[in-house]
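Student: Supplied in C-alpha cells, the structure appears directly below.
The values are calculated or read from the model by the stated rules, or taken from the named source; none is laboratory data. Note that the structure is predicted; figures quoted are calculated from it, not measured. For neighbour counting, all protein chains shown are included, and Cβ atoms are generated from backbone atoms with ideal geometry for every residue, glycine included. What goes into the accessible areas is simple: the full protein's heavy atoms, side chains included, and nothing from ligands, DNA or RNA. Shrake-Rupley method; radii C 1.70, N 1.55, O 1.52, S 1.80 Å.
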Amino acid sequence: MIRRNTPVPGRGRTGGAARLRALDGLRLIAALMVAAYHYGGRNGDISRAWGGSPAHQFPYLSGAFAYGCLGVQIFFVISGFVICLSGWGRPLRSFVASRIGRLYPAYWAAILLVTAVFALPWVAFKALAPSEVLTNLTMLQYPLGVHRVLGVCWTLWAEMRFYALFALCVVLPGATRGRVVLFCAGWTLAAALAQSSHEPFLNTVLMPQYAPFFIGGVGLYLLHRFGHRDPVAWTIVLVSWLIGQHYAVAGLWHPPSAHAFSYRSATVVVAVVTAGFAAVAAVALGAFRWADWRWLTVAGALTYPFYLVHEHLGWVVIGALHRGAGLPSYATLLLTVGLMLLLAWALHRWVERPLTPRLRGAIAPRR
C-alpha cells in the first residue's frame with residue numbers, strides 16, 4: 001500500500017535531474033513538431049513565404065507535418081506535470097512569481113521583436129497598430145478580442161487559465177495527494193458539464209477541449225511522486241487520455257477531399273496523442289533516467305523562446321532564403337529552424353537569464 005502523502009523513496013520533490021532533463025528533451029521535440037506544422041503542414045501565411053503551398057514544397061512530408069500541431073497537446077501534458085511539481089509545497093505568492101517570471105520576459109521580447117521586423121518596409125507581413133501591440137504585452141489580447149502579434153499566444157492563454165485553477169484549488173490551500181486527486185476529478189467532471197451546457201463562460205474557464213491534457217500531466221506527476229502502483233493516479237491518466245484523444249480527433253479530423261489540405265487520419269491523431277502521454281509517462285516513471293545529458297537542459301531552456309518566435313519570424317526567414325536567395329525547400333527548412341534556435345538562445349541568454357530572477361524577486365522577495 002502507498003501512504004497518501006508519502007513520496008516514494010528516491011522520488012522527492014524534483015524527482016531526479018535525469019528525468020527532468022528527459023522532460024526538457026521532450027519539450028524540444030514538441031516544439032519542433034509545432035514548427036514543422038507551421039512551416040510545412042498547413043496553408044495560410046506560410047504559403048506566401050514559400051511562394052506556394054507547402055504541399056508542393058514537401059510532397060512527401062507535408063502530410064506528416066500536418067500532425068505537428070499535436071505538439072501543443074503534448075506541451076499541455078508536460079505543463080500539467082511540471083506545474084504540479086513546481087507548485088507542491090510552494091506558497092501562492094512564490095508560485096505566482098515563478099509563473100510570471102517564466103512567461104513574461106521572453107514573451108515581451110518576442111512581441112517587440114516581431115512587431116519591429118514586421119514594420120520593416122521590405123517585409124511582406126503587416127505589423128499591428130501600436131495600441132494593439134501594447135495590449136498584447138498583457139498576454140490578455142486573446143480574451144479581449146485584440147489582434148495577436150504572435151499566433152501561438154492562444155496556447156499561453158490556455159496555460160494561464162490552468163495556472164489560475166491550480167493556484168486557487170491546490171497551491172492556495174496547500175498541495176496534498178488527496179487535494180490534487182480531488183482537483184483532477186472535479187475539473188474533469190466540471191469540464192464535461194461545461195461542454196454539455198454550451199455556456200461560453202464555463203467553456204472559457206474550464207477549457208473542456210484542453211483540460212484532459214493538463215489533468216493527465218498532473219496524474220502522471222502523482223505517479224512520479226508516489227510510485228507506479230497508485231491505481232487512482234493511473235485512473236486519472238487513463239480517463240484523461242480517453243477524453244483527450246476524443247477532443248484531438250474532433251478538432252483535427254476533416255473529411256478527405258482534393259482541397260482539404262488539413263485532412264488528417266483519426267487513427268494517426270489518436271496514435272500521436274497516445275505517444276505523447278506514453279512519453280511523459282516514461283519520464284515520470286524513470287524509464288529515461290539514463291538520459292542525464294546537460295545539453296537537454298539547454299534544449300529545455302530554448303524551447304519557450306523558440307516557440308514564441310519561430311512562426312512569424314520563420315515566415316520572414318523562409319521568404320528571404322527560399323524566394324530571395326533561391327535555396328531549396330529542405331535546406332531552407334533546416335536553416336530556418338537552426339536560425340530560430342540561435343535566436344532562442346540569444347533571448348534566453350540576454351533576456352530571460354537577467355530578467356527572470358529580477359521579476360520573480362520583485363513579486364516575491366526572499367526574506
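Student: Output the qualifying pairs, or none if there are none: Cβ atoms under 9 angstrom, residues six or more apart or on different chains, first residue in the stretch 52-68 and in contact (Cβ under 8 Å) with a residue 24 or more places away in the chain, second residue among the charged types (D, E, K, R) and surrounded by 21 or more Cβ atoms within 10 Å (Cβ to Cβ).
Tutor: 66/264; 67/264
Student: For the stretch 287-335, which positions are small (Gly, Ala, Ser) and either part of a helix (DSSP H, G or I) or under 19 Å from residue 55 (Cα atoms) (or both)?
Tutor: 299, 300, 301, 314, 319, 320, 324, 326, 329, 331 - these are the residues of the stretch 287-335 that are small (Gly, Ala, Ser) and either part of a helix (DSSP H, G or I) or under 19 Å from residue 55 (Cα atoms) (or both).
Student: Mind checking whether some residue in the stretch 160-175 is touching a Phe, Trp or Tyr at 6+ places or on another chain (Cβ under 7 Å) and among the basic types (Lys, Arg)?
Tutor: No, there is no match, as no residue in the stretch 160-175 is touching a Phe, Trp or Tyr at 6+ places or on another chain (Cβ under 7 Å) and among the basic types (Lys, Arg).
Student: Considering each residue of the stretch 116-147, count those that are without any contact (Cβ under 8 Å) to a residue 60 or more places away in the chain and more than 19 Å from residue 157 (Cβ to Cβ), and give that number.
Tutor: Within the stretch 116-147, residues that are without any contact (Cβ under 8 Å) to a residue 60 or more places away in the chain and more than 19 Å from residue 157 (Cβ to Cβ) number 10.
Student: Which one is nearest to residue 231 (Cα to Cα), of the residues in the stretch 191-203 that are in a helix (DSSP H, G or I) and open to solvent by 60 Å² or more (accessible area, probe 1.4 Å)?
Tutor: 193
Student: Starting from residues that are touching a helix residue (DSSP H, G or I) at 6+ places or on another chain (Cβ under 7 Å) and free of Cβ contacts under 8 Å to residues at least 40 places away in the same chain, keep the ones in the stretch 166-190 and report whichever is surrounded by the most Cβ atoms within 10 Å (Cβ to Cβ).
Tutor: Out of the qualifying residues, it is 187.
Student: Let me ask another. Restricting attention to the stretch 228-242, and to residues there that are over 11 Å from residue 188 (Cβ atoms) and open to solvent by less than 20 Å² (accessible area, probe 1.4 Å), which single residue is modelled with the lowest pLDDT?
Tutor: Selected residue: 230.
Student: Could I ask something else about it? So residue 324 clears everything in (1) touching a Ser or Thr at 6+ places or on another chain (Cβ under 9 Å); (2) within 17 Å of residue 117 (Cβ to Cβ); (3) open to solvent by 20 Å² or more (accessible area, probe 1.4 Å) except one condition, right? Which one?
Tutor: So residue 324 meets the others, but not (1).
Student: Is at least one residue of the stretch 117-125 under 17 Å from the mean Cα position of the chain (by Cα) and not small (Gly, Ala, Ser)?
Tutor: no
Student: Restricting attention to the stretch 294-335, which residues are touching a Phe, Trp or Tyr at 6+ places or on another chain (Cβ under 7 Å) and hydroxyl-bearing (Ser, Thr, Tyr)?
Tutor: Within the stretch 294-335, just 329 meets the criteria.
Student: Say whether the condition of being among the acidic types (Asp, Glu) and more than 27 Å from residue 97 (Cα to Cα) is met by at least one residue in the stretch 195-205.
Tutor: Yes, that holds for at least one residue.
Student: Of all residues being open to solvent by 20 Å² or more (accessible area, probe 1.4 Å) and not in a helix (DSSP H, G or I) in the stretch 19-51, which is nearest to residue 296 (Cα to Cα)? Just the residue, please.
Tutor: Filtering the stretch 19-51 for residues that are open to solvent by 20 Å² or more (accessible area, probe 1.4 Å) and not in a helix (DSSP H, G or I), the one nearest to residue 296 (Cα to Cα) comes out as 42.
For every residue, the table says whether it meets (1) hydrophobic (A, V, I, L, M, F, W, C); (2) at pLDDT 90 or above; (3) more than 18 Å from the chain's Cα centre (by Cα); (4) exposed (fewer than 15 other Cβ atoms within 10 Å of the Cβ).
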{"position": "257", "(1), (2), (3), (4)": "no, no, yes, yes"}
{"position": "265", "(1), (2), (3), (4)": "no, no, yes, no"}
{"position": "270", "(1), (2), (3), (4)": "yes, yes, yes, no"}
{"position": "277", "(1), (2), (3), (4)": "yes, yes, no, no"}
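Student: Also, quick follow-up: State which residue is nearest to residue 314 (Cα to Cα) when the search covers only the stretch 335-351 and only residues that are open to solvent by less than 50 Å² (accessible area, probe 1.4 Å) and not aliphatic (A, V, I, L, M).
Tutor: Per the criteria, the residue is 336.
Student: Further question: From (1) at positive phi; (2) buried (at least 20 other Cβ atoms within 10 Å of the Cβ), pick out the condition that doesn't hold for residue 284.
Tutor: For residue 284, the exception is condition (1).
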